[in-house]
Amino acid sequence: MNANLYASRRARLAAQLGADGIAVIPTAPERPRNRDSDFLYRFDSYFHYLSGFTEPNAWLVLAGDGRSTLFCAPKDLEREIWDGYRLGPDAAPGVLGVDEAVTVDQLDARMPRLLENKSTVWYPFATHKGLESRVDGWLSSVRARVRFGALCPEEQRDLCGPLDEMRLVKDDHEQDLMRRAGQISARAHIRAMKLSAAMLRDGKDVREYHLDAELLHEFRLGGSQYPAYSSIVAAGANACVLHYRADTAPVRDGELVLIDAGCELDGYASDITRTFPANGRFSGPQRALYDLVLASQQAAVAATRAGQRFNDPHDATVKVLSQGMLDLGLLDGNKVGSVDDVIEQRAYFPFYMHRTSHWLGMDVHDCGSYVEPTQLGEISERKDPLSNEIIKNRPSRILRPGMVLTIEPGIYVRAGEGVPEPFHNIGIRIEDDAIVNETGCELISRGVPVDGDEIEALMRA
């Protein structure tokens with residue numbers, strides 16, 4: 001563990017709290033899965049970003065002068081036999097680089113004194129159930145001492161704001177972890193592709209959960225701790241369900257399979273989607289739609305570089321997809337007009353209903369504002385052509401080197417009136433992870449093929 005890395009992050013945050021400010025950051029609680037078992041534990045991202053500490057039942061307190069206090073579980077040899085090793089408060093300063101560590105059972109007793117004579121208390125709003133009430137209780141204890149000259153913080157502020165801005169631009173350490181996570185996930189997708197074709201060639205019954213098992217195997221084989229999110233393994237028409245989960249549905253010869261899956265490595269997520277023919281060979285209609293989605297992704301990648309706006313890749317995607325829908329007959333130009341009309345009226349929406357990108361980092365949908373902070377006051381209004389709702393627009397974020405986002409266009413064709421039958425029940429999404437740089441972006445998930453011919457060649461091997 002690089003204690004200096006986390007110390008530098010704490011110092012950067014402390015500088016934003018104000019001399020009389022203090023921040024309180026809890027980690028995530030353990031959550032019961034059933035009667036005598038918890039869900040696999042995963043720490044809070046904000047807490048880990050500042051501490052590197054992975055144990056539950058811990059709090060970090062950071063003062064504006066930079067002094068840090070960790071509250072953590074005490075050493076308990078009997079409980080460690082059952083639950084595993086604990087670092088403990090004696091060892092924590094040397095390992096984590098915090099100034100002080102005490103047992104978590106002292107939290108309620110110590111916090112009022114830490115808050116006393118501070119002007120502002122910062123904590124992450126709306127992220128930890130009961131945290132606001134906990135802070136209120138500590139402040140009540142401070143107010144009980146005002147007759148003795150104690151000052152109580154008069155302001156409470158959301159710590160998510162400054163932390164989100166810090167986390168939005170990834171440092172070299174974070175980028176390296178995300179590259180490695182992308183490599184592991186790419187290998188997992190390759191395993192699933194190969195297994196699908198091999199089992200069908202051998203005449204075996206293939207289910208979505210067979211492919212999901214390959215993903216999980218490669219994640220752990222590569223050193224990942226767990227999936228970054230619940231894997232989507234959608235065969236056939238299931239691919240038209242955006243948040244479908246791997247289940248028991250058969251993977252049939254002649255259908256497509258959409259897999260949206262990525263591992264988490266040391267707290268950092270990857271997020272990859274590939275759509276491939278279950279038997280390794282695209283049909284004509286499948287390939288036509290696939291090549292359209294790939295072309296739209298290529299346009300989005302070309303629009304992703306420092307100085308561009310966050311919305312630019314989405315706009316590039318929509319333009320290519322809209323023209324393709326007209327060319328392939330998914331949209332009737334006599335009814336919807338030109339490609340510009342399609343975009344203006346959002347006539348593409350029945351086939352492409354999500355955005356092209358989201359931030360990626362410690363959380364798969366990572367924190368960070370999508371609005372450019374230097375232009376918050378520049379507001380325009382438009383009427384949405386589908387909902388008739390008046391929407392207030394602000395300029396989208398200007399991309400900077402070190403920002404990481406997904407690029408994931410798709411097309412989802414359900415059976416319906418006027419929809420050409422050869423395209424019925426075909427869902428396609430292609431997703432890669434991109435680190436923004438000065439000249440463009442680095443696609444860190446291309447260890448798995450994306451070109452249709454390369455996918456077919458891989459699955460024949």
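Laid out as a table, the results:
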quantity: Near pairs, Cβ below 6 angstrom, 6+ apart or cross-chain, from segment 11-23 (closer than 20 Å to residue 70 by Cβ and at pLDDT 95 or above) to any residue that is charged (D, E, K, R) and not in a helix (DSSP H, G or I); calculated: 22/118
quantity: Which listed residue is at pLDDT 95 or above and on the phi > 0 side of the Ramachandran plot, from 223, 182, 161, 149; calculated: 223
quantity: Count - residues of segment 73-103 that are buried (at least 18 other Cβ atoms within 10 Å of the Cβ) and in a helix (DSSP H, G or I); calculated: 2
quantity: Sole residue being at positive phi and under 23 Å from the mean Cα position of the chain (by Cα), chosen from 427, 402; calculated: 402
quantity: Subset of segment 442-460 (residues that are outside any loop (DSSP other than H, G, I, E, B) and either of a type in the set (Gly, Ala, Ser) or more than 18 Å from the chain's Cα centre (by Cα) (or both)); calculated: 452, 453, 454, 455, 456, 457, 458, 459, 460
quantity: Qualifying residue in segment 333-343 (condition: crowded, with 18+ Cβ neighbours inside 10 Å, of a type in the set (A, V, I, L, M, F, W, C), more than 27 Å from residue 158 (Cα to Cα) and in contact (Cβ under 8 Å) with a residue 60 or more places away in the chain); calculated: no
quantity: Test: residue in segment 284-306 that is closer than 21 Å to residue 408 by Cβ, in contact with a Cys (Cβ under 7 Å, 6 or more places away or on another chain), in a loop (DSSP other than H, G, I, E, B) and not aromatic (Phe, Trp, Tyr); calculated: yes
quantity: From the options 70, 17, 60, 50, residue that is of a type in the set (A, V, I, L, M) and in a loop (DSSP other than H, G, I, E, B); calculated: 17
quantity: Some residue of segment 323-336 being of a type in the set (D, E, K, R), modelled with pLDDT of 95 or more and in contact with a Pro (Cβ under 8 Å, 6 or more places away or on another chain); calculated: no
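Yes/no matrix, rows are residues, columns are (1) in contact (Cβ under 8 Å) with a residue 12 or more places away in the chain; (2) loosely packed, with under 15 Cβ neighbours inside 10 Å; (3) assigned to a helix (DSSP H, G or I); (4) assigned by TED's automatic domain parsing to the domain that holds residue 66:
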| position | (1), (2), (3), (4) |
| --- | --- |
| 113 | no, yes, yes, yes |
| 118 | yes, no, no, yes |
| 121 | yes, no, no, yes |
| 127 | yes, no, no, yes |
| 135 | yes, no, yes, yes |
| 140 | no, yes, yes, yes |
| 150 | yes, no, no, yes |
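The values are calculated or read from the model by the stated rules, or taken from the named source; none is laboratory data. Here the structure is a predicted model, which means the values were calculated and not measured. Every residue, glycine as well, gets a Cβ built from its backbone with ideal geometry; the counts of neighbours run over all protein chains shown.
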